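Notes to accompany the following structure.
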Amino acid sequence: MSEPLDIFGRPVEDRRLLVCVGPCCDREGRASANLAALQRLLIDRGLERVGIGVASCVRRHCLGNCGTEPLAQVLPGDVWHRGLTAERLLWIYQRLVVRNPPATATARRENGARAGARKRSSRDARKRPASE
Ligand code: FES
């Protein structure tokens, strides 16, 4: 069996944006159009080499989570994305796959807990009387 390749024919890295072009996601041709447009955006903006050795963008034929609109998945971390356009795929790839380590469930919980703690402390500060 041959090694999987990214959308530019390069070997696939562990950090990936999986873009589904399976029968459900591409029912109206939007998934294939989004992926083709993403490739054009990366080339037109000179970004096709972004992520080499770090991350990959990969075409997949059904991610096993069929719905009514195109899907993409960020791995590792198992984060799903909907409402996709080529620009949105580019943003996800650059910001969530190439630049940032994937968020794990644990990291998301910790970040949520910290954000909640910050909100509580600033809310508490607003409630204090000015004389304190
Ligand atoms: S066709 Fe995209 S998840 Fe199944």
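Quick check on my filter: what residues within region 63-79 are within 20 Å of PRO11 (Cα to Cα) and within 11 Å of the ligand (Cβ to nearest atom)?
Selection gives LEU63, ALA72, GLN73.
Filter region 22-54 for residues that are within 15 Å of the ligand (Cβ to nearest atom), under 16 Å from ILE92 (Cβ atoms) and of a type in the set (A, V, I, L, M, F, W, C) and give the result.
Selection gives CYS25, ALA31, LEU35.
Are there any pairs, at least 6 apart or on different chains, whose C-beta atoms fall under 7 Å, with the first in region 31-60 and free of Cβ contacts under 8 Å to residues at least 60 places away in the same chain and surrounded by 14 or more Cβ atoms within 10 Å (Cβ to Cβ) and the second of a type in the set (Gly, Ala, Ser) and not in a loop (DSSP other than H, G, I, E, B), and if so, which?
The qualifying pairs are ASN34/ALA86; ALA37/ALA86; LEU38/ALA86; LEU41/ALA86.
Where a number appears in this text, it was derived from the coordinates with a stated rule and is not lab data. The structure presented is a predicted model; accordingly, all values stated were derived computationally and were not measured. Note: ideal-geometry Cβ built from the backbone for every residue, glycine included; neighbour counts use all protein chains shown.
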